[in-house]
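Everything on this sheet refers to the single structure shown next.
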Amino acid sequence: MQKKVEELLEEAIIYSLPSWTHNKEVLTKVLEAHPNIQFVSVVAVDLGGNDTDEKIPVSLFLEDMEEFLSVGVQTDGSSVMLQGIATLNNAKVDLIPDLDVNWFVDYNYDHLYEGNGLPIGTLRIPAFLEHDGKRVDSRSVLKRTADYFAVQVQKLLKKHPHLLKELNIDSPDEVAEVALTTATELEFWVKTPEDYADEEKLSTSQMLKEQYWKRTKGSVRTALEETIMLMDKYGFVPEMGHKEVGGITAKIGVTGKLNHVMEQLEIDWKYSTALQCADNELFIRELIEEIFENHGLEVTFLAKPIEGVAGSGKHTHMGAGLKLKNGKYINLFAPKDMHASYINSIGWGALMGLLKNYEVVNPFVTSTNDAFNRLKPGFEAPICIVGSVGHTPETPSRNRTVLVGLVRDTNNSLATRFELRAPNPTTNAYLCIAASYQAMLDGIEAAAESKMDDHQLQAEFSKKAGEEKLYLEKDRAYRSEEDVFEDFTEEERNHLFAKPPATVWENLKGLENYPDKKKVLFEGEVFSEEIVNSYRISILDQWVKELTGRIIVDNMALVRNCKKLHGADNVTDLDVVNWEKMNALRNYLMKDSLERKSLFTQIREAVEDKDFDLVSNLQLEMMEKVSCLKQLYVIYRRNLLEEVNGYYEHYRM
């Protein structure tokens, strides 16, 4: 330990502080040896996924460190998203530091410390939000999940000896720890400021696959390389950074530098424990934004920043393992023989549990209008509750159209895990991962109680719709090794895999329509009615405010910009017909009269009446009509001889 401390003190710049440093003695030495670390920030994550950030002088932190580490700091609950929990007459919330995870130092490279010329640093300390003695934040939900999962697996191993045999363990007493291993893949778009997206060019480039896995150039290349190198210094162990499918080729400006940059990137890094994984991602997102902005590039983590072009996902990989007292590590889902079986019985239970209970997991995965813009057929974004494991145990799943895929390597059993493909960069990773593991555990317990072996459970999972089985619902199918979009009609998909929600409201209703499944979230007191209700209120409020205050406003601007472009010269009857058809749609969307209210007005009034079923239906109609208007305007413009600049297809990400 002493040697580790001395090494930290000798480093010119420190990037992270592991859990063994989180005591008064070591922290005092480290902070005094690095005076450029001038601030401390306590980072809690509310139920909306928002993280707190406050600048506390290090001098104040050093003065009263013991109390700070044990009881944290207080804040007003109105400043965080805890609707229904932190009320006006009971708003005090405590931020309690988490001493068991890595802490990171965030550096401001534009602000140098006079004493040594190094950048000013802020020690970011992950924390929990505590209200009335209860921890009610996203991080605490995930921590309770990991703890409860570990306890329940230990109980199952003691109760069901056949599980030990599958795992090649003689006694449950050999197990020292049950660990959740989790990783995310982060996709995002970058662009030069003041540039606009051209849907047609981007769509054509995507179809021609001109960008995917191509070389990065110029400022994008530099920013990507800097990001990966800095991630390595922080200990995130970056594995890959590359171009994704979206984007167009940049141009060289008069300065000799690339401009008109607009492309999609992905960065991956090594897995961690579930809570540390979510903490890492939270910090990495900020890191990416700051580095790319330093190179004059804007970053967006929106799920679907450009209509008609590939959106950004955050595929989430979830596994579990056993650490034995002899130091050996065993994957909890891997079979004895990787060439003979896909996964073991615990793995089948986890997969079935996630899919069976997904209606109450989905509200924590897909919670914004933007997220639903991405989840549409044709863009490899999953919309159906269905999984894939591969055609044979030796042929890994490569089906990109399913919700959950089994990831495995016949030569490395430790790589066995599940990939949830629905999350996007704005998904609250803490709650998404927590709800997913709670659902998995429900299936694991059912599989263990059934005493079925892996082949019997494989048959259970591969059931056809209408077949009565032990755990899965009779009227649904849960496995597809085919392309869900190419090989099934929409009607067939809805029949086999259930009709997917199309709006935020439809998704939130899953928490009401499936009370038995919702109970799964409450097992082990991981979630609570109070937390779920607060989350529901927050997401519902966000949905309607964005709908009325941003989406309708943006669509109004779009309607106004779809102007009449033809004059008296060089006009044909087709131009007139196209314009009249389009203008009628403009009026339907936006223009009120004494006899009829426009679609935009109907939505606003439905929101005021809190008729959310109607709001949801009208939103879907609006999306369809606006999309139609865009297509009509493109057709109308194509027949005009004069070039027109500034038309609607060019818009900001």
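The values are calculated or read from the model by the stated rules, or taken from the named source; none is laboratory data. What you see is a predicted model, and the numbers here were worked out from it, not measured in a lab. Virtual Cβ from ideal backbone geometry, glycine too; neighbours counted across all protein chains shown.
Here are the numbers for this structure:
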read-out: Selection from the range 20-45 of residues that are of a type in the set (Gly, Ala, Ser) and over 27 Å from Leu142 (Cα atoms); value: Ala33
read-out: Condition met for Thr145 (buried (at least 19 other Cβ atoms within 10 Å of the Cβ), touching a Lys or Arg at 6+ places or on another chain (Cβ under 6 Å), modelled with pLDDT of 95 or more and closer than 15 Å to Gln276 by Cα); value: no
read-out: Residue, farthest from Gln438 (Cα to Cα), within the range 125-143, restricted to residues that are charged (D, E, K, R) and within 20 Å of the chain's Cα centre (by Cα); value: Asp137
read-out: Qualifying positions in the range 406-422 - touching a Gly at 6+ places or on another chain (Cβ under 7 Å) and of a type outside the set (A, V, I, L, M, F, W, C); value: Thr416, Arg417, Glu419, Arg421
read-out: Within the range 345-364, tally of residues that are over 20 Å from the mean Cα position of the chain (by Cα) and surrounded by fewer than 24 Cβ atoms within 10 Å (Cβ to Cβ); value: 1
read-out: Residue that is modelled with the lowest pLDDT [pool: residues in the range 208-240 that are under 21 Å from the mean Cα position of the chain (by Cα), aliphatic (A, V, I, L, M) and loosely packed, with under 15 Cβ neighbours inside 10 Å]; value: Met240
read-out: Residue match in the range 163-175 (condition: buried (at least 19 other Cβ atoms within 10 Å of the Cβ) and part of a strand (DSSP E or B)); value: yes
read-out: Residue in the range 198-207 that is over 25 Å from Tyr271 (Cβ atoms), among the aliphatic types (A, V, I, L, M) and either in a helix (DSSP H, G or I) or modelled with pLDDT of 95 or more (or both) present; value: yes
read-out: Matching residues in the range 378-420 - criterion: being basic (Lys, Arg) and either in contact with a Lys or Arg (Cβ under 8 Å, 6 or more places away or on another chain) or in contact (Cβ under 8 Å) with a residue 40 or more places away in the chain (or both); value: Arg400, Arg408, Arg417
read-out: Test: residue in the range 177-191 that is part of a loop (DSSP other than H, G, I, E, B) and either in the same structural domain as Glu449 (by TED's automatic domain parsing) or modelled with pLDDT under 95 (or both); value: no
read-out: Number of the condition not met by Leu157 [criteria: (1) in a strand (DSSP E or B); (2) free of Cβ contacts under 8 Å to residues at least 24 places away in the same chain; (3) surrounded by 20 or more Cβ atoms within 10 Å (Cβ to Cβ)]; value: (1)
read-out: The range 421-476 - residue that is in contact with an Asp or Glu (Cβ under 7 Å, 6 or more places away or on another chain) and free of Cβ contacts under 8 Å to residues at least 60 places away in the same chain and, of those, surrounded by the most Cβ atoms within 10 Å (Cβ to Cβ); value: Lys469
read-out: Residue check, Ala44 surrounded by fewer than 12 Cβ atoms within 10 Å (Cβ to Cβ), closer than 28 Å to His111 by Cβ and of a type in the set (A, V, I, L, M, F, W, C); value: no
read-out: Selection count where residues are assigned to a loop (DSSP other than H, G, I, E, B) and modelled with pLDDT of 65 or more, scope the range 613-653; value: 4
read-out: Options Glu486, Glu482, Glu512; residue that is acidic (Asp, Glu) and part of a helix (DSSP H, G or I); value: Glu512
read-out: Residue match in the range 580-592 (condition: within 16 Å of Ile552 (Cα to Cα) and part of a loop (DSSP other than H, G, I, E, B)); value: yes
read-out: The range 17-41, residues that are farther than 18 Å from Gly117 by Cβ, among the aliphatic types (A, V, I, L, M) and not in a helix (DSSP H, G or I); value: Leu17, Val40
read-out: Residue count, the range 477-493 (criterion: touching a Pro at 6+ places or on another chain (Cβ under 8 Å) and loosely packed, with under 14 Cβ neighbours inside 10 Å); value: 1
read-out: Subset of the range 321-359 [closer than 21 Å to Glu177 by Cβ and without any contact (Cβ under 8 Å) to a residue 40 or more places away in the chain]; value: Gly327, Lys328
read-out: Ile343, sole failed condition from (1) modelled with pLDDT of 95 or more; (2) assigned to a loop (DSSP other than H, G, I, E, B); (3) closer than 27 Å to Glu486 by Cα; value: (3)
read-out: Residues that are of a type in the set (Phe, Trp, Tyr) and under 25 Å from the mean Cα position of the chain (by Cα), drawn from the range 464-484; value: Tyr478
read-out: Filter pass, Lys597 being over 35 Å from the mean Cα position of the chain (by Cα), modelled with pLDDT of 95 or more and in a helix (DSSP H, G or I); value: no
read-out: The range 380-407, residues that are out of contact with any helix residue (DSSP H, G or I) (no Cβ under 8 Å at 6 or more places or on another chain), buried (at least 22 other Cβ atoms within 10 Å of the Cβ) and in a strand (DSSP E or B); value: Ser388, Gly405
read-out: Subset of the range 42-66 (residues that are more than 28 Å from Glu114 (Cβ to Cβ) and part of a loop (DSSP other than H, G, I, E, B)); value: Ala44, Asp46, Leu47, Gly48, Gly49, Asn50, Thr52
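Condition check ((1) within 11 Å of Arg124 (Cα to Cα); (2) modelled with pLDDT of 95 or more; (3) over 35 Å from the mean Cα position of the chain (by Cα)) across all residues:
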residue: Val5; (1), (2), (3): no, no, yes
residue: Glu10; (1), (2), (3): no, no, yes
residue: Ser16; (1), (2), (3): yes, yes, no
residue: Thr28; (1), (2), (3): no, yes, yes
residue: Gln38; (1), (2), (3): no, yes, no
residue: Thr52; (1), (2), (3): yes, no, no
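Here is a yes/no grid of residues against (1) in a strand (DSSP E or B); (2) more than 22 Å from Leu441 (Cβ to Cβ); (3) modelled with pLDDT of 95 or more; (4) touching a Lys or Arg at 6+ places or on another chain (Cβ under 7 Å):
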{"residue": "Lys304", "(1), (2), (3), (4)": "no, yes, no, yes"}
{"residue": "Gly313", "(1), (2), (3), (4)": "no, yes, no, yes"}
{"residue": "Gly321", "(1), (2), (3), (4)": "yes, no, yes, no"}
{"residue": "Ile330", "(1), (2), (3), (4)": "yes, no, yes, no"}
{"residue": "Ala350", "(1), (2), (3), (4)": "no, no, yes, no"}
{"residue": "Pro363", "(1), (2), (3), (4)": "no, no, yes, no"}
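This table checks each residue for (1) modelled with pLDDT under 95; (2) out of contact with any His (no Cβ under 8 Å at 6 or more places or on another chain).
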| residue | (1), (2) |
| --- | --- |
| Gly72 | yes, yes |
| Ser78 | yes, yes |
| Leu82 | yes, no |
| Leu99 | no, no |
